[in-house]
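Please treat every number below as a calculation from the coordinates, not as lab data. Everything quoted here is computed from the prediction, not taken from an experiment. Glycine gets a Cβ as well: all are built from the backbone with ideal geometry, and neighbour counts include every protein chain shown.
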Amino acid sequence: MILLYFKAFHIVGVVVWFSGLFYLGRLFVYHKETEDFPAPEKNVLIKQYLKMEKRLYYGIAWPGLCITITFGLAMLIEWGIPNWILIKLVLVALLVGYHFWCGNIRKKFCKKNIRWNSKHLRLFNEIPTIFLVGIVFLVVFKENLSLTALFIVIITLGILIYLTIQFFSLKKVKDSKLE
């Protein structure tokens, strides 16, 4: 019975953590795009984005990460470590690295030292989607999922995301030329 409580809290942590990471990446895109705005509006928006990014990173993403890890470890203690969990742990470790990378990007925005454009930030914002899909497939299929199938799903999703961002970037340029 205790395992069900661990699972429930783990899932809540995952939802909170991912919502923070997804929104933080989107805020980075909006923040970067304010550089094209006129000075008074730009200054107000940048201050607001900096505040929102800080609150989101420390008030939502960090607690979500901590809840996820805490109850994930509790499940491992209760459940053990089947082979599929090892792959999940690698993906989770990479996701933790992404989380810290978000913190680094936030600090660069604070110092006005971000070199990426909004297209790069859009691609960056999709990284947790790839991790989410990989982790969900592992959790659902467990030992029934081959590494080849997982790799194909992740690569296909990555290519589709990249092509979608490329398409909308070209469309945005085309639309701006028509104005």
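So the values come out like this:
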read-out: C-alpha center-to-center spacing [the stretch 76-112, the stretch 36-60] in angstrom; value: 25
read-out: The chain shape via C-alpha gyration tensor axes, a/c threshold 1.5; value: oblate
read-out: Spatial extent of the stretch 1-103: Rg and Dmax, with the Cα atoms as the point set, Å; value: 17.4, 58
read-out: Cα-based Rg / Dmax (Å) for the stretch 96-155; value: 15.3, 47
read-out: Which listed pairs, of Lys51/Lys172; Lys42/Lys88; Lys51/Lys119; Lys7/Lys54; Lys42/Lys174, have C-alpha distances above 32 Å, in listed order; value: Lys42/Lys88
read-out: CD proxy at 222 nm, helix term only [per DSSP H run n ≥ 4: -39500 (n - 2.57); per residue of the chain; nearest 500]; value: -29500 deg cm²/dmol
read-out: Cα convex hull volume per residue for the stretch 57-96 (Å³); value: 50
read-out: Cα-based shape type of the stretch 8-62, given that a ≥ b ≥ c are square roots of the gyration tensor eigenvalues and the cut on a/c is 1.5; value: prolate
read-out: Trypsin sites (Lys or Arg not before Pro), loop per DSSP, at most 11 other Cβ atoms within 10 Å - longest free stretch of the chain; value: 1-110
read-out: Farthest positive-ward along the stretch 70-118 dipole, Cα basis, beta-carbon charges - from Asn117, Leu94, Gly72; value: Asn117
